[in-house]
Structures are given as structure tokens and as C-alpha cells.
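Q: My questions will all concern the structure given below.
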Amino acid sequence: MALIGSLEVSMAFFVFLLFRFLFSKKRHHALLTNWPFLGMLPGFTVEIPRFYDWIIQVLEVSNLTFLFKGPIFAGMDLLFTVDPANIHHILCSNFVNYPKGPDFGEIFDALGDGIFNADFELWKNLRKSAHALLSHHDFQRFTKSATVSVAKRGLVPLLDHAAKKNTLVDLQDVFQRFTFDTTLTLITGYNPKSLSIDMPRVELADAVEDAEEAIFHRHVKPRILWKLQNWIDFGLEKKLKNTVAIADRECAKYISMKREDLRRGTQPKGDAMDLLTYYMNLDENKYNFLNPSDDKFLRDTMVSFILAGRDTTSAGLTGFFWLLSKNPEAVAKIRGEISAEMPRSINRDDETQLDQVDLNKLVYLHGALYEALRLYPPVPFNHKSPAKADTLPSGHKVEANTKIIFPFYAMGRMRSVWGDDASEFKPERWISEKGRLKHEPSFKFASFNAGPRTCIGKQVALTQMAIVAVEILQNYDVITATEGQQLELVPSIILRTKHGYKVSITKHRLG
Ligand code: HEM
């Protein structure tokens, strides 16, 4: 009887809470009800499919910082913040108290001990060695020549074919293949040629996509649940295991091919300076903890750079062309700038030209690229945890190991950060009165992260994006295939649309 009595009391309490939730006038519809035991999880689960729009609304009405309460004992409380002062505090001025930590390494275990998971001395050595490569003149030349080569041999034939046959093209797929080919070329020296008219299936590229989705779910599921799924080989966790096996196999193949090349001396000469060759020849005395003769070290480095370079740059390009489709006046301005700065003598068949011009002269184009990266940041969120309890500039107290999430996608659209026109595409925002590119501090424009862990591939990404933009805008008109087509974003660690971005292509006639 006592049990029935207490059940009735619990039911009555539950109904009371339900009514309060449904009929509360003060509550903003995007804010979640904090239920006993379950916390905000029920409402959050409903919002996951529209995560990106939901988090914008929540942060707008929560003064840029919102505490999500997870179920009791699930260790799932999350502090979402896009407050630039908090971001500066965590990523820049108090960097030492905010390492990636063991949670990060567990969620991203597919990356092994690569730079994304590393902390402290290991991270310092990985970063120093990667920085030495990426800032090397030969590598920068190789980046340009490899990008132009994939543009001329993969992208141009495909777009010419689509224009001639009047077939639809999925630009998201095209750009993913483009950056897969350039990234693999920069990492291994070999072009896998996934971008071609017959669009072959590439197992490693598909695997990366599956891994990105599974890793996102590890961020928002109770840890115990995804651990269980992993243990019983179920759902996205099963997919993730499969992708890791594919990545291991593919990396092992490239590593042994490269070792063989180096042994036989058949390594391409000239400006080719790929990442594997660089790491295999690394001077071990200069770096602690890095072991170039260990295949696991090379595998982890390769996988980290594939994730870093491939889908990020392609997502930036998809967002850029999507925004251009809505802003024809920006297209006209970019074309005007290209003709003024790069006269038409840049012959489409001459590969050496585009990689020799100074792309930085294209100021308006860069403004447009930054604007696309602000509105569609390829890494839509990042997370950190304090090693020791701390108080953020916003006044929020955080215990050690609290998960703090920075939803960069929402950050680029916050009116209180970017002004009332935050959601509009305005390349002019990035151009100073003197006609130069304006600098925005990274804790406000955080698409490339901020502080000591700022992206080190930013210049590689911008070079690739500028080359693709010039190649396409000089030669083609890109027309959104269906009126009313939307970019339906998939919750993932890298921005991606569910149904791609379908366009038709025609040859551009000079105006
Ligand atoms: C538009 C393209 C890109 C965007 C938006 C982007 C963004 C980011 C972000 C947000 C981070 C911080 C991630 C974290 O701390 O977990 C990061 C780190 C990093 N990025 Fe990029 N990235 C891009 C392209 C590239 C490219 C092309 C490369 C390599 C060639 C690259 C290499 C790296 C590396 C190595 C790190 C780790 C830095 C560290 O932990 O010290 N990125 N990037």
C-alpha cells in the first residue's frame, strides 16, 4: 500500500511538472526544462536533429552562456559558451588550466596519440614539428602546385563534363573529393584521384565521414551508453570500429609504399615535400617523444592530418558557394577583382600560372572566404575542461573536468558579438577603409580556434579555397539546382549537409 501511495505522489508530482512545463508563459521555447533525475536530456534529445538552430536560440536568450544539466550521476553537464571573454580566458590567457584532458582522448580515440589528442610536452613537440613543415617554403610551394594540379586534372574535367552534358553536380561531394585528393597528396605524395568524372567510391573517405558522425554522438550521449554500444558492437560505435580498421589498413599501405620509395630512391624530386617523407626523415634529436621509425606514430600523424585538412576545407568551400548563390553582387565583385589583379593571360591549360600569382592580392575574395568561414565554420564546435576549478569572466563557476563546449557555428551568428546584421553575408565587414583585410581577434572569430592551439593549417586552407574559387568563378556559372533548396546540416564534428548541395554548371561567358 505504502508503495502504491508513493507511486501516486510521484505521478502527481510528474503531472504537476508537465503542466508547469507546458503552460509556463515565461519560458523561452528553446530553453529546456530541467526534470528531476533526467535533467534536460529529454528536451535535448528532441533538439539534436536541429542542434545548430536550437543552440543559436538558446545562447541568444542566455547572454551567450548556457548550462545544460544532464541526468543525475551521468556526468553529462555541459556548459555552452560563445562569450568572447570566456573564450579568451579559456583558450588564450588560462590555456594551461584547460588541457584537452583524458575525456578528449577517449572521445577521439580513433586519432590515437596524434596532435589533436596530445597535451603538454608531447603536444609541444608535435606542434613544433608540424609547424616547421607547414611554414617551410618548399611545403608551401608544394601546397600550391598540388592544389592547382588537382584543380586542372580533377575539378576542371568534371565541371566541363557537367556543363556539356547538363548534369547536376553535388558540390559538397565534389569539394570533399577535391580536398581528399589534395590532402592525401600533401600527406603521402600520391594522388588517390577520387575526383574524376566517374566519381569512384573511396573507402577511406567514406570511413572518415562515418567517424565524424559517431564522434559527435559521443559528445552528447551519456558516456556509459556509448561505452556499452562500443562493447556490444552496436550502431554508430560499430561503424566507428569499422572506420578505424579501414584507416589502419590504408595508412599502413601508404607508409610501406613510402618506405619502399625512400629505400629505392624513387621519391619524386623537385618541389614535392610531403608529410610522410618529412616525418620519416625527422631529426629525432630535435624533438622529444616523436619516433619516426614507429608505424603507429606515423599512422596517428596521418589520420590527424586527414581529419584536419580534408573535410574542414571542403566544408568551407561548400558554405562559400552556397552563400555566393544568394549574393550575386558579391560574385560580380570577386570576378571584377580577379580580372583586375589576374589578367586573363592566366591560361587554363598552364598549370604553373595560378600557383605563381600572389593570391593575397584578392582582398575582397578573402573577405568573402572569411565571411563564409564565420557563417559556416567547418569545425562547428570545440570543447575543453578545466584541470582545476575556475570562475569564468561571465561569472560561471566551473568545477575541475566540467565539459565546456564552444559552438562556433552559433558564435558567428550572435548579434551581440557581430552586430544586428550578424546573419548576413557581408565580405565588406572584413575590409578596412584603406582597402586592406581587417583583423578580427580569434576569440571573436574562432573558426580556426584561438590561443596556442590555433589551427596551423589556416594558410594551407585559405590557399586551397582561393585557388578553387578563382578557377570556378573565372570559368563557370554555378546555379543552385532547385529553388528553395536548403543546406540541412548534420550534427557532426565537421560541418556537413545531409543531402549535399546540388547545382548545375554552365560555362561562364565574359561580361
Ligand atoms: C577551413 C579549414 C580549416 C578550419 C576551419 C580549421 C579549424 C581548426 C580548429 C577549430 C582547430 C582546433 C581543433 C582542436 O583544438 O581540437 C584546428 C586545429 C588544427 N588544424 Fe585546422 N582547420 C582547417 C584546415 C586545416 C588544414 C588544411 C590543416 C593541415 C594542413 C589543419 C591542421 C590543423 C592542426 C594540425 C591542428 C591542431 C593544432 C593543435 O592542436 O595545436 N587545419 N583547426
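Q: I'd like the FRET efficiency for I197 and K458, computed as 1/(1 + (r/R0)^6) with the beta carbon distance as r and R0 of 30 Å, rounded to 0.05. Could you put the intermediate results ahead of the total?
A: Working: r = 32 Å, r/R0 = 1.06.
With R0 = 30 Å, the Cβ-Cβ based efficiency is 0.40.
Q: How about segment 196-254: which trypsin sites (Lys or Arg not before Pro) there lie in a loop by DSSP and see at most 10 other Cβ atoms within 10 Å?
A: Answer in residue order: R201.
Q: Oh, and also: Please give the FRET efficiency for N291 paired with A400, using the beta carbon to beta carbon distance and R0 = 41 Å, rounded to the nearest 0.05. All intermediate terms of the calculation are to be shown ahead of the outcome.
A: Working: r = 32 Å, r/R0 = 0.78.
Efficiency for this residue pair is about 0.80.
Q: Turning to a different aspect of this structure: Are any of the pairs K253/K286; K128/K444; K144/K221 more than 32 Å apart by Cα-Cα distance, and if so, which? Could you put the intermediate results ahead of the total?
A: Working: K253/K286 28 Å; K128/K444 25 Å; K144/K221 41 Å.
The answer is K144/K221.
Q: Between helix 203-220 and the chain, what is the angle of the helix's C-alpha long axis to the longest principal axis, kept within 0 to 90° and rounded to the nearest 10?
A: Compared with the principal axis, the helix lies near 30 degrees.
Q: Here's a follow-up. Using a cut-off of 14 Å between beta-carbons, work out the net charge of the residues near S416 (Lys and Arg +1, Asp and Glu -1, S416 not included). Let's see the in-between values first.
A: Working: positive: R413, R415, K444; negative: E60, D83, D420, D421.
Around S416, the charge tally is -1.
Q: Quick one: with all protein chains in place, what share of the accessible area of the chain is carbon or sulfur, to the nearest percent (1.4 Å probe)? Could the numbers behind the result be given before it?
A: Numbers: 13570 of 23770 Å².
The computed percentage sits at 57.
Q: Please work out how much length the chain gains when fully extended from F120 to K326, using 0.36 nm per residue of separation minus the C-alpha to C-alpha distance, in nm with one decimal. Walk me through the numbers before you get to the answer.
A: Details: separation 206, 0.36 × 206 = 74.16 nm, distance 4.47 nm.
Gain in length upon complete extension: 69.7 nm.
Q: Can you find, among N449, V61, T167, the residue farthest towards the positive end of the dipole of the chain? Put +1 on the C-beta of Lys and Arg, -1 on that of Asp and Glu.
A: Ranked along the dipole, the leading option is V61.
Q: So, one more: Rank by packing, highest mean first: peptides 421-432, 365-376, 148-159, with packing defined as the count of other Cβ atoms within 10 Å averaged across residues. Before the final figure, lay out each step's value.
A: On the way: 421-432: 15.7, 365-376: 23.7, 148-159: 19.8.
The most tightly packed comes first, giving 365-376, 148-159, 421-432.
Q: Another one. Taking a virtual spin label 7 Å from the Cα of T33 along the C-beta vector, which residues in segment 44-58 bring their backbone nitrogen under 19 Å of it?
A: 44-48, 58, by backbone N distance to the label point.
Q: Can you compute the modelled spin-label distance between M257 and E483, with each label point 7 Å from Cα toward Cβ, in nm?
A: Placing both labels 7 Å beyond Cα along the Cβ direction yields 4.8 nm.
Q: Pairs of Cα atoms under 8 Å, at least six residues apart: use those to get the relative contact order of the chain, whole percent.
A: Details: 710 pairs, mean separation 115.9, N = 511.
Here the relative contact order equals 23 percent.
Q: Moving to a separate point now. Considering only Cα-Cα distances, which of the following residue pairs are longer than 27 Å: K426/K502; K384/K434; K397/K458; K165/K193; K326/K498; K100/K397? Could the numbers behind the result be given before it?
A: Numbers: K426/K502 24 Å; K384/K434 38 Å; K397/K458 33 Å; K165/K193 22 Å; K326/K498 20 Å; K100/K397 19 Å.
In this structure, K384/K434; K397/K458 lie more than 27 Å apart at Cα.
Q: Give me the angle, in degrees from 0 to 90, between the Cα long axis of helix 363-375 and the longest principal axis of the Cα atoms of the chain, rounded to the nearest 10.
A: The two axes meet at around 30 degrees.
Q: Can I ask one more? Can you compute the label reach from K164? Point 7 Å from Cα along the Cβ direction, backbone N cut-off under 12 Å, restricted to segment 173-198.
A: Backbone N within reach: 197.
Q: All other residues with a Cβ under 12 Å from the Cβ of M280 taken together, and with Lys, Arg as +1 and Asp, Glu as -1, what is their net charge?
A: My count for the surroundings of M280 gives -4.
Q: In debye, nearest 20: dipole of segment 35-507 around its Cα centre with unit charges on the Cβ of K, R (+) and D, E (-)? Please list the in-between numbers first.
A: Numbers: 58 positive and 58 negative charges, 46 e Å.
Roughly 220 debye, rounded to the nearest 20.
Q: Relative to the longest principal axis of the C-alpha atoms of the chain, give the angle of the C-alpha long axis of helix 2-23, reported between 0 and 90° and rounded to the nearest 10°.
A: 50
Q: Using a Cα-Cα cut-off of under 16 Å, which lysines could be cross-linked to K227, ignoring same-chain neighbours fewer than 8 residues away?
A: Cα-Cα hits under 16 Å: K238, K239, K241.
Q: From the convex hull of the Cα coordinates of the chain, what is the mean projected area in square nanometres? Mind dumping the intermediate values first?
A: Working: hull surface 110.7 nm².
Projected over every direction and averaged, the Cα hull of the chain covers 27.7 nm².
Q: On a C-alpha basis, how far is the centre of segment 98-119 from the centre of segment 424-467 in Å? Whole number, if you could?
A: So the two Cα centres are separated by 26 Å.
The values are calculated or read from the model by the stated rules, or taken from the named source; none is laboratory data. Quick caveat: nothing in here was measured; it's all calculated off a predicted structure. With ideal geometry, Cβ positions are generated from the backbone for all residues, glycine too; neighbour counts draw on all protein chains shown. What goes into the accessible areas is simple: the full protein's heavy atoms, side chains included, and nothing from ligands, DNA or RNA. Shrake-Rupley method; radii C 1.70, N 1.55, O 1.52, S 1.80 Å.
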